[in-house]
Structures are given as C-alpha cells and as structure tokens.
Amino acid sequence: MDLSSIINKEAELTADVFRNYLQIKLQNKYPGTSWKGPLFARFKQKQYSNYGDTYKKALSRIEELGEENYSLNNMDITLLSAVLCFDLENALGLPVKAGILSAIKRLRDDKNDMASHREMGKDEPIYDKLYFAIVWHKDIKRFLNEIEREMERGANKSEETTLLLNALFNRAKEIDELIRAHFSTPENSEVVDHALMLLLQKDVNQVLDASDCPSKQRHLYLRFLDKYKYVNFGPNLSFLFWKMLADGGYLDAALSTARSYYDGYYRSGSSVPDYESASYYFQLAGEERLMIYDKCMLASIYINEASAHHTKKEGEVLLDECRTFLSGQGRAVLSHVDENGFTHYRPER
C-alpha cells in the first residue's frame, strides 16, 4: 500500500476516534438522541462566529437529512474537533481534560496541514508524505493513550467502551504494520531511507537556524525529537538527529549522542558500544552539561582505557569526584562488569 493510501486510512481512523470518543462522552448524560437539541442550538449560534463556515455546513447537512436522521456519523473531522474542543462543555456541560484537548488539537492540525498541502497543489515529495504518515499516526496513538488513561481513572469505563477502545487500538496497530511493511520492502527501503534523511536534514537545519532565539530553538528541538521517537524502523533517527545537531553546534544534543554511543543505541539493531565516540561527545557537551551519571560513564571509559586520548588516571580522578559528590547525598558509586570485561560505574539511585 502506498503512502497516500496509508494517510487516507489515518484520516478515516482519526474521524472514527473522534466520533467514538464523543459517543463515550455523551452516553451517560445524553442517552439516545437527547444531545441533538442543545448541540444543534449551539451550531445555530456559532454559525455567525469566526469559524462559522464549519457550523453552516453542518446545519445545511442537518436540513438536508432531517434532524431525526442526522447522527455523529455525518460529522467530519473538522466539525468533530470543533465540537470536542469548543462545544461539548459549553453546550452540553461535558468538560474535556487538558491532555485530551491537546491530543485532539494535534490531530486537527495534522488533518489541516495535510489538506492545505494538497490544496496548494504541491507534488508531495516523499519526505513530506513520510512526515504526515509518521506524525499523524503518532498523534492517533497518543490520543488513544489519553482516552485509555481517562478510562482507567473510572471515567466512562464499561465493557462496551473497553471493547470499542481495543478495536481502535487494533486499527492503529494495523496502520503501524502497513507503514512498517511499506518502508521495509526491498524496492522502497533505499528510497525511504534517503527520504528519511532528507526529512531529518530539513528539521536539523530548522533547529540550527534558530540559534539566535534559544527558546524557539529549544521548542523546535523538542518538537522534532518527539516525532523521531516513534520511528522504530529504518535508520536510528533519534540518534542521527542528536548527532547531526551536536556536530552542527547545538550542544544540548551532544549528551544524548554520547549516551547513545555508550549504550550502543546509535544504529537500529545494534547494541555494540562505541566508547571512543561516547568520550568525544561527552567532552563536546562540556562539563557544565554533564550529570553525575554522565561523569560516571566518562570515568568508566577512561578507567577501562577505552579512549585513546585519555588515561586511566584521569578516569580514577573523575570517579573520585563522583564518589565525593554522591557521598554528600548518602549515595555511592556502584559497579558491574559486563560480558566483555568492561567495568561500568553508575551512581546509586
């Protein structure tokens, strides 16, 4: 299945997730169709607001079908998100929690971004399609997780709603498998890897170009990193994102790069540490950024003589500093030897 078809499936699932969550919210206080009166009255009121076109369209559809025949199934993503974000509490007295609202707005923005992209007549280069497929799917799963957390607290929980949520999770899993299958086919893997790197470089450049505004730079960094955390196929994008930023001078990313090299998580499917590279990026980050466990890792590298540029004595001095710091907190430095004979030092929790 091509990426455009996968994105269409994500749009369908988004609408169904919104629709089902709205049904869950309505079922206790507004059984049957008792929600229609106050909600339709709200539509009539909001048709003259800044976003009135959405409500005018809904009212036209209600008039066409008749109030008795109009249902949640006749609501599109735009209307559903408006009802959930702005009308559910005001018209029906059903508040929506902040985490849920945030997830809804993310999905609404995903849909709007995709629609704008297509309406502008862009040819949708593959890295843009990848962006939409990856980010949209991530946001769907985030919304489902928020609903699950709300239900675990006892809100609207029943056997029926549990089954409904499980069915939505299963559909999300199917899309996840479609994305993975698309990316892993021999004819697509090389193209996809190249496209992912183009997307990655684009995001890295945005972060580096924002160096004159640290708050914006930090916002972009966290926003893009959040996206790559959910990509568990192809190259290790989170690591590459960190490394490319660190190499470009964004030193907040150097620590994560160093830790990945130390733990062996610098490429997909790998767990082989690269201690020399870890040492380099710890040094690049600067002492002021190193946490106590970073210093213990760096001491481990030096003591095990895994860096050609630093001595065992340097490691012992650094480890003594760690012990002194931790002893003031009533903690100790712990050690263990791995299967390769490498002694790791870690702070006691």
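Among Ser260, Ser238, which is more than 19 Å from Arg142 (Cα to Cα), part of a helix (DSSP H, G or I), polar (S, T, N, Q) and modelled with pLDDT under 95?
After applying the criteria, what remains is Ser260.
Check Tyr293 against each of (1) among the hydroxyl-bearing types (Ser, Thr, Tyr); (2) in contact (Cβ under 8 Å) with a residue 24 or more places away in the chain; (3) assigned to a loop (DSSP other than H, G, I, E, B) and name the one condition it does not meet.
For Tyr293, the exception is condition (3).
Give the stretch 312-338 a look and list any residue that's under 18 Å from Ala278 (Cα atoms) and open to solvent by less than 70 Å² (accessible area, probe 1.4 Å), or say none.
Gly315, Leu318, Leu319, Asp338
Can you tell me which residue is nearest to Arg142 (Cα to Cα) among those in the stretch 201-224 that are touching a helix residue (DSSP H, G or I) at 6+ places or on another chain (Cβ under 6 Å) and either at pLDDT below 85 or among the hydrophobic types (A, V, I, L, M, F, W, C) (or both)?
Out of the qualifying residues, it is Phe224.
Report, ordered by the first and then the second residue, all pairs with beta carbons closer than 7 Å, sequence separation of six or more or different chains, a first member in the stretch 53-73 that is farther than 12 Å from Phe43 by Cα, and a second member that is of a type in the set (Lys, Arg) and open to solvent by 40 Å² or more (accessible area, probe 1.4 Å).
Tyr70/Arg61
What number of residues within the stretch 74-115 are open to solvent by 80 Å² or more (accessible area, probe 1.4 Å) and over 24 Å from Lys138 (Cα atoms)?
Counting residues in the stretch 74-115 that are open to solvent by 80 Å² or more (accessible area, probe 1.4 Å) and over 24 Å from Lys138 (Cα atoms) gives 2.
Rundown of residues vs (1) touching a strand residue (DSSP E or B) at 6+ places or on another chain (Cβ under 7 Å); (2) modelled with pLDDT under 75; (3) part of a helix (DSSP H, G or I); (4) within 30 Å of Asn304 (Cα to Cα), yes/no style:
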residue: Phe183; (1), (2), (3), (4): no, yes, yes, no
residue: Gly234; (1), (2), (3), (4): no, yes, no, no
residue: Tyr265; (1), (2), (3), (4): no, no, no, yes
residue: Ser270; (1), (2), (3), (4): no, yes, no, yes
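Among all residue pairs at least 6 apart or on different chains, which show Cβ distances below 8 Å where the first residue, located in the stretch 321-335, is within 19 Å of Leu298 (Cα to Cα) and free of Cβ contacts under 8 Å to residues at least 40 places away in the same chain and the second is of a type in the set (Lys, Arg) and open to solvent by 90 Å² or more (accessible area, probe 1.4 Å)?
Sorted first by the residue in the stretch 321-335, then by its partner, the pairs are Arg331/Arg349; Ala332/Arg323; Val333/Arg323.
I'd like to verify a number: residues in the stretch 206-229 that are under 22 Å from Asp110 (Cα atoms) and either over 12 Å from the mean Cα position of the chain (by Cα) or small (Gly, Ala, Ser) (or both), how many?
Total satisfying the criteria: 8.
Can you tell me which residues in the stretch 300-345 are among the hydroxyl-bearing types (Ser, Thr, Tyr) and in a loop (DSSP other than H, G, I, E, B)?
Selection gives Ser307, Thr311.
With the condition kept exactly as written, say whether any residue in the stretch 152-167 is hydroxyl-bearing (Ser, Thr, Tyr), more than 19 Å from the chain's Cα centre (by Cα), in a loop (DSSP other than H, G, I, E, B) and modelled with pLDDT of 80 or more.
No, the stretch 152-167 has no match at all.
What are the residue pairs meeting all of these: first residue in the stretch 81-92, first residue free of Cβ contacts under 8 Å to residues at least 24 places away in the same chain, second residue open to solvent by less than 30 Å² (accessible area, probe 1.4 Å), Cβ atoms under 6 Å, and 6 or more apart or on different chains?
Cys85/Ile104
The values are calculated or read from the model by the stated rules, or taken from the named source; none is laboratory data. Everything numeric in this text was worked out from a predicted model, so none of it was measured. Every residue, glycine as well, gets a Cβ built from its backbone with ideal geometry; the counts of neighbours run over all protein chains shown. Note: accessible area is taken over every heavy atom of the protein model, side chains too, but ligands, DNA and RNA are not part of it. Shrake-Rupley method; radii C 1.70, N 1.55, O 1.52, S 1.80 Å.
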